[in-house]
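*Asks:* First the structure, which I've put down as structure tokens, then a few questions once you've had a look.
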Amino acid sequence: MTEFPQNTPAIFFDLDGTLADTAPDLAGALNKLRGEHDLPPLPLVELRPHVADGAKGLLLVGMNLHPENPAYPAAQKRFLTLYEKNVHDETRLFDGIAECLDRLDSLTIPWGIVTNKALRFAAPLIEGLGLQHRAICLVAGDSTPNPKPHPAPLLMAARMATIQPESCIYIGDDERDIMAAHAAGMKAVAAAWGYLGTAKPLADWGADIIAASPQDIFRIALSNR
């Protein structure tokens, strides 16, 4: 196991909307589902803000289905099946993320991924992006009994990095990411370039830092050494 110098922070990233722009593939799966129901496709710009809420948010805006609706389970299953077939067709790292990860690697600052996306989707996506051998960990939504905003996934990531949680930084584009980071005792950074959801404004999340761009991540990491 890699030994990191004392005072080295670990940087953990949310996946959807923080590390990678997954909206095109998620929207594509939803529009295929709409097509199966003889509904026209919705524009990506309309669907993008709802990606942070996963299948629940997309099925609500795209199919008008709440989880309590009897038709929801079948629609959710079909949506996820369609998504699994094209999980990284159009997904790309956000501009500036690749350079940020390269700089973190060059300084031996460990980084990993903590997402609420199930492992069956997250693992092939990370492999498709070529990050599977670089990230110190991949903690998925089903890696622990409780996903974010519960702190368990972030605490697991810190254990995998063998770094105390208080020396770790978590970066995400949803309020639950900030809640999870604080609950785990980590510094919480809000990714202003992400999806940000449709509810509370970013400034009201209580993040320790708001990162305007991925370039800010490197500076934040250095300031915590």
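The values are calculated or read from the model by the stated rules, or taken from the named source; none is laboratory data. Keep in mind it's a predicted model, so treat the numbers as computed, not measured. Every residue, glycine among them, receives a Cβ derived from its backbone with ideal geometry; neighbour counts consider all protein chains shown.
*Asks:* Taking the conditions exactly as written (modelled with pLDDT of 95 or more and either among the hydrophobic types (A, V, I, L, M, F, W, C) or assigned to a loop (DSSP other than H, G, I, E, B) (or both)), does L104 satisfy them or not? It would help to see each step written out before you state the result.
*Replies:* Working: modelled with pLDDT of 95 or more: no; either among the hydrophobic types (A, V, I, L, M, F, W, C) or assigned to a loop (DSSP other than H, G, I, E, B) (or both): yes.
So L104 does not fit the description; no.
*Asks:* Only one of these is closer than 15 Å to F13 by Cβ, of a type in the set (D, E) and either modelled with pLDDT under 95 or over 12 Å from the mean Cα position of the chain (by Cα) (or both): D216, D204, D142, D208. Name it. Outline the logic, then answer.
*Replies:* Numbers: D204 fails: closer than 15 Å to F13 by Cβ; D142 fails: closer than 15 Å to F13 by Cβ; D208 fails: closer than 15 Å to F13 by Cβ.
The match here is D216.
*Asks:* How do the pairs read when you match residues in the stretch 86-105 that are closer than 16 Å to I126 by Cα with residues anywhere that are among the polar types (S, T, N, Q) and at pLDDT 95 or above, using Cβ under 8 Å and keeping only pairs 6 or more apart or on different chains?
*Replies:* T91/T22; F94/T18
*Asks:* Now for a separate question. Based on what the data block shows, is D38 acidic (D, E), in contact (Cβ under 8 Å) with a residue 60 or more places away in the chain and over 30 Å from S167 (Cβ atoms)? Reasoning before the result, please.
*Replies:* Numbers: acidic (D, E): yes; in contact (Cβ under 8 Å) with a residue 60 or more places away in the chain: no; over 30 Å from S167 (Cβ atoms): yes.
It is false that D38 is acidic (D, E), in contact (Cβ under 8 Å) with a residue 60 or more places away in the chain and over 30 Å from S167 (Cβ atoms).
*Asks:* Can you tell which of L30, L47, L80 is closer than 22 Å to D174 by Cβ, touching a Leu at 6+ places or on another chain (Cβ under 6 Å) and either at pLDDT 95 or above or in a helix (DSSP H, G or I) (or both)? Reasoning before the result, please.
*Replies:* Details: L47 fails: touching a Leu at 6+ places or on another chain (Cβ under 6 Å); L80 fails: touching a Leu at 6+ places or on another chain (Cβ under 6 Å).
Going through L30, L47, L80 in turn, the sole match is L30.
*Asks:* Suppose the filter is crowded, with 17+ Cβ neighbours inside 10 Å and in contact with a strand residue (DSSP E or B) (Cβ under 9 Å, 6 or more places away or on another chain); does I136 pass it?
*Replies:* On the way: crowded, with 17+ Cβ neighbours inside 10 Å: yes; in contact with a strand residue (DSSP E or B) (Cβ under 9 Å, 6 or more places away or on another chain): yes.
Yes, satisfied.
*Asks:* Taking V189, is it farther than 19 Å from D53 by Cβ, modelled with pLDDT of 95 or more and under 14 Å from the mean Cα position of the chain (by Cα)? It would help to see each step written out before you state the result.
*Replies:* On the way: farther than 19 Å from D53 by Cβ: yes; modelled with pLDDT of 95 or more: yes; under 14 Å from the mean Cα position of the chain (by Cα): yes.
Spelling it out, V189 is indeed farther than 19 Å from D53 by Cβ, modelled with pLDDT of 95 or more and under 14 Å from the mean Cα position of the chain (by Cα).
*Asks:* Among the residues of the stretch 209-225, which ones are buried (at least 16 other Cβ atoms within 10 Å of the Cβ) and in a helix (DSSP H, G or I)?
*Replies:* D216, I217, F218, I220, A221, listed by residue number.
*Asks:* With the structure loaded, tell me whether A199 is outside any helix (DSSP H, G or I), surrounded by fewer than 20 Cβ atoms within 10 Å (Cβ to Cβ) and small (G, A, S) or whether it fails that test.
*Replies:* Numbers: outside any helix (DSSP H, G or I): yes; surrounded by fewer than 20 Cβ atoms within 10 Å (Cβ to Cβ): yes; small (G, A, S): yes.
Criteria met by A199.
*Asks:* Also, quick follow-up: Exactly one condition in (1) closer than 26 Å to E127 by Cβ; (2) out of contact with any Ser or Thr (no Cβ under 6 Å at 6 or more places or on another chain); (3) surrounded by 19 or more Cβ atoms within 10 Å (Cβ to Cβ) is false for K32; which is it?
*Replies:* (3)
*Asks:* For the stretch 108-133, give me each residue that is within 19 Å of P214 (Cα to Cα) and surrounded by 15 or more Cβ atoms within 10 Å (Cβ to Cβ).
*Replies:* Just the residues of the stretch 108-133 that are within 19 Å of P214 (Cα to Cα), to begin with: 108-115, 126, 129-131.
The answer is I109, P110, W111, G112, I113, V114, T115, I126, L129, L131.
*Asks:* Going through the stretch 148-164 one residue at a time, which ones are buried (at least 21 other Cβ atoms within 10 Å of the Cβ) and either of a type in the set (F, W, Y) or at pLDDT 95 or above (or both)?
*Replies:* Those that are buried (at least 21 other Cβ atoms within 10 Å of the Cβ) and either of a type in the set (F, W, Y) or at pLDDT 95 or above (or both): K148, P151, P153, L154, A157, A158.
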